[in-house]
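*Asks:* Here you go, one structure.
The values are calculated or read from the model by the stated rules, or taken from the named source; none is laboratory data. Quantities reported herein were computed from a predicted structural model and do not represent experimental measurements. Here the Cβ positions follow ideal geometry from the backbone for every residue, glycine too, while neighbour counts run over all protein chains shown. Heavy atoms of the whole protein, side chains included, go into the accessibility calculation; ligands, DNA and RNA do not. Shrake-Rupley method; radii C 1.70, N 1.55, O 1.52, S 1.80 Å.
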Amino acid sequence: MNKGQGNSIATGKAAEDLALTFLIDKGLKLVERNYRSRGGEIDLIMEDNEMLIFVEVRYRKTNTHGSALESITLKKQAKLITCASHYLTQKRINKPTRFDAIAVSPERDTLSIEWVPDAFRA
């Protein structure tokens, strides 16, 4: 792994940590983090009452190539849906679900968080 990859992994983890703290502060409970299947990875799996929430966290240093939210393409959404389906099957879970997105981006001397509940549908 080169130095640049290490920095992006650390930045990604920091963005996920920030998103997790944000969601916990909003009353959600962590179920699982970084769930992986052959089809991809889900950053955070949270629970809000009876709803299971699959969360994609995106960080963008700049908007030069589009915003963090815009980076969740239809192809990425399909991978998340496939991975979530795998999770539900493996864990034998049958409850309402939704897909949320969290965009983390620098703003002055801090990081801003934009939470989009129900960002896309399966």
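*Asks:* Any chance you could count how many residues in segment 17-65 are in a strand (DSSP E or B) and aliphatic (A, V, I, L, M)?
*Replies:* Let us first name the residues in segment 17-65 that are in a strand (DSSP E or B), namely 29-37, 40-48, 51-59.
Within this subset, residues satisfying the condition of being aliphatic (A, V, I, L, M) are 30-31, 42, 44-46, 51-53, 55, 57.
Within segment 17-65, residues that are in a strand (DSSP E or B) and aliphatic (A, V, I, L, M) number 11.
*Asks:* I'd like to check something: does segment 20-39 contain any residue that is of a type outside the set (S, T, N, Q), under 19 Å from Arg121 (Cα atoms) and at pLDDT below 95?
*Replies:* Among the residues of segment 20-39, at least one is of a type outside the set (S, T, N, Q), under 19 Å from Arg121 (Cα atoms) and at pLDDT below 95, which makes the answer yes.
Yes or no, residue by residue, for (1) among the β-branched types (Val, Ile, Thr); (2) touching a helix residue (DSSP H, G or I) at 6+ places or on another chain (Cβ under 9 Å); (3) open to solvent by 40 Å² or more (accessible area, probe 1.4 Å); (4) modelled with pLDDT of 90 or more:
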| position | (1), (2), (3), (4) |
| --- | --- |
| Lys75 | no, no, yes, yes |
| Lys79 | no, no, yes, yes |
| Cys83 | no, no, no, yes |
| Gln90 | no, no, yes, yes |
| Asn94 | no, yes, yes, yes |
| Pro106 | no, no, yes, no |
| Ala119 | no, yes, yes, yes |
